[in-house]
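The values are calculated or read from the model by the stated rules, or taken from the named source; none is laboratory data. Only a predicted model underlies this, so the values are computations on that prediction, with no experimental measurement involved. FYI the Cβ positions are ideal-geometry reconstructions off the backbone, even for glycines, and counts take in every protein chain you see.
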């Protein structure tokens, strides 16, 4: 689960957020993760290859989260094939 990424307003539109997310994705691949989900701004994450998780019949653990804001990206080809259900957040997210 990727938490929304933000960059200080004085440093936005310089590709910093994109590079942070790409670095995270590379690290996730090295650690053997197959996909990343995020609750975030749909237009921003779509440009980075994220899609609505509901396209895979995958949903967030909470009611009221807009479908277009719960996104997912495969890190390995076809890693979401046959996967469905609800993504559960770790306890760290429960405290937010």
> Which one of these does residue 64 not meet: (1) touching a strand residue (DSSP E or B) at 6+ places or on another chain (Cβ under 7 Å); (2) loosely packed, with under 11 Cβ neighbours inside 10 Å?
Replying inline: (1)
>> Out of everything in segment 4-53 that is assigned to a loop (DSSP other than H, G, I, E, B) and within 16 Å of residue 67 (Cα to Cα), what residue ends up being modelled with the lowest pLDDT?
In response: 4
>> Against the conditions (1) in a loop (DSSP other than H, G, I, E, B); (2) closer than 24 Å to residue 18 by Cβ, where does residue 88 fall short? Just the number, please.
In response: (2)
>> Restricting to segment 15-55, name every residue that is in contact with a strand residue (DSSP E or B) (Cβ under 6 Å, 6 or more places away or on another chain) and over 16 Å from residue 1 (Cβ atoms).
In response: 49
> Hey, among the residues in segment 50-93 that are under 10 Å from the mean Cα position of the chain (by Cα) and without any contact (Cβ under 8 Å) to a residue 40 or more places away in the chain, which one's nearest to residue 31 (Cα to Cα)?
Replying inline: 72
